[in-house]
Amino acid sequence: MRLSVIGCGYLGAVHAAAMASIGHEVVGIDVDEAKIAALRAGSAPFFEPGLSEILTSGVASGRLTFTTEMAAASGAAVHFLAVGTPQTTGGHAADLTFVNAAVEGLLPYLRPGDIVAGKSTVPVGTAARLAALIEPTGATLVWNPEFLREGWAVQDTVDPDRLVVGVTAGATDVVQTMKDVYHTAVAKGTPFIVTDYATAELVKVAANAFLATKISFINAMAEVAEVTGADVTQLADAIGFDQRIGRRFLGAGIGFGGGCLPKDIRAFTARAEELGRAESVGFLREVDAINLRRRDRAVQLVVGALDGVVFQKKVAVLGAAFKPHSDDIRDSPALEVASRLKGLGADVVVTDPQALENAARVHPQLTYEPSLDETLRGADVVVLVTEWDEYRRQLTPEHAGSLVAQRVVVDGRNSYDPALWRAAGWTYYGMGRP
Ligand code: NAD
């Protein structure tokens, strides 16, 4: 099938390459010329495991092309909308400027029978509004939210947990076309949920709200553990054995960040307020507040670990990306902690296997060091903020101890075994652990 993907960021570039990898002829369209130039050369403009491979092979096969010209969407049977929906400046709602511009730009190229498939995360009610703009062209809108996880995006796109397609009543041809698009997943028996627009839009924000709530729940338990001497890690293990609860997403630490969870829960709250249902998701404000407090807590722990004297102390910050296996630094808790320590006068050195370039662009005031050993050398305190395997599994307390000035570690992700680090002479601080 011929497909177009409008917006080639973390979602769109992966979607375009993944669709080409399963046999479709795909054109990726973006307004960012540098991004398009990189993609056209078969080079991933961001770090995502497995993306380079499918990008290179797609471009080489001739089935995957990239352009800044919206006219190239002409002739595609399905047009995916994958542009950003960031938080508005000065508010909590989603900024739909890019979605509106993409749809406006696409309208002249739509033909009767085309499908426009919305993948961006949008406030409930957006699809119905966009459908009214699209329908006069004879094209049909479906809402097909995306659930990919950065770091596993290729796998999640080719082999998702479920597919959700929101349609208007009676749109059976459209549903079949969407099944043809995702033919490999459909052939495997992946759950394919056909629903209305509002449900499709809400499924996505509900899923993110649930995940954010689960993380903030355990972080709230960490706050209580901190004043009672309890160990939140053991608590999470113990409650996690209950299958109704489950252990995943119960890792207490400095909390969530990134380009999705924080802005999605805020946009959901803002939309619920508009709909007169503020109280229904009022708890998400608390989820957000708990999450942000954990960043304060990490800073407090570092200051405490340095006996309150931060000025010109070397702080080795392990991690910059909002999570491992990604170079995405949007709303990264790691960088917020690093920046705040820098603001207190510390000599902060940040390392990360993938995200240093992005971090340096947004936080030029910090010092970046690609080598882990150099970052650790002479440090007065080590702060683990992004749980890359390089820091979590491969770094031993003995090796780190041979480089630092003081054996003091603040484990912002509860990734280390405190007994092991203490046995190697370290003073260990975790999040919600004694
Ligand atoms: P992103 O910022 O990485 O990419 C958005 C892209 O859209 C950018 O490259 C931008 O240049 C492009 N763009 C903006 N206006 C355009 C226009 N008029 N025409 C063509 N291109 C345009 O964002 P992202 O992380 O890929 O997220 C995109 C959407 O997908 C958001 O709604 C997000 O919430 C949702 N989403 C993201 C993820 C994720 O893990 N990143 C997962 C699921 C859903």
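Things worth noting here:
- Residues 380, 352, ranked from the fewest to the most other C-beta atoms within 10 Å, line up as 380, 352.
- Within the shell defined by Cβ-Cβ distances under 15 Å, the residues around residue 285 carry a net charge of 0, with Lys and Arg each +1 and Asp and Glu each -1.
- Restricting the stretch 193-298 to GluC sites (Glu not before Pro) that sit in a DSSP loop and have at most 11 other Cβ atoms within 10 Å of their own Cβ leaves nothing.
- With Cα atoms, 0 to 90° folded angle of helix 283-305 axis to the chain main axis: 30
- Alpha-carbon Debye profile of the stretch 204-288, log10 I(q)/I(0) at 0.18, 0.21, 0.23, 0.25 Å⁻¹: -0.79, -0.96, -1.06, -1.15
- Inter-part distance where the stretch 387-434 and the stretch 272-343 are each reduced to a Cα centre, Å: 20
- Ranked packing of 119-128, 144-153, most packed first, by mean Cβ within 10 Å: 119-128, 144-153
- Estimated inter-spin distance, residue 43 and residue 399, nm [label 7 Å along Cα→Cβ]: 3.0
- Distance between modelled label sites at residue 273 and residue 307, nm, 7 Å Cα→Cβ extension: 4.6
- Put simply, when 131-143, 251-263, 230-242 are sorted by average Cβ atoms within 10 angstrom per residue, most first, you get 251-263, 131-143, 230-242.
- When the C-alpha to C-alpha distance is required to be over 20 Å, the pairs from 204/263; 119/204; 188/214; 119/263; 214/323 that qualify are 188/214.
- Among residues other than residue 431 with Cβ under 9 Å from its Cβ, the summed charge is +2 (Lys and Arg +1, Asp and Glu -1).
- Over the chain, volume per residue of the alpha carbon convex hull, in Å³: 148
Read the figures in this text as sums done on the coordinates, not as results from a lab. The structure presented is a predicted model; accordingly, all values stated were derived computationally and were not measured. All Cβ positions, glycine included, derive from the backbone under ideal geometry; neighbour counts span all protein chains shown.
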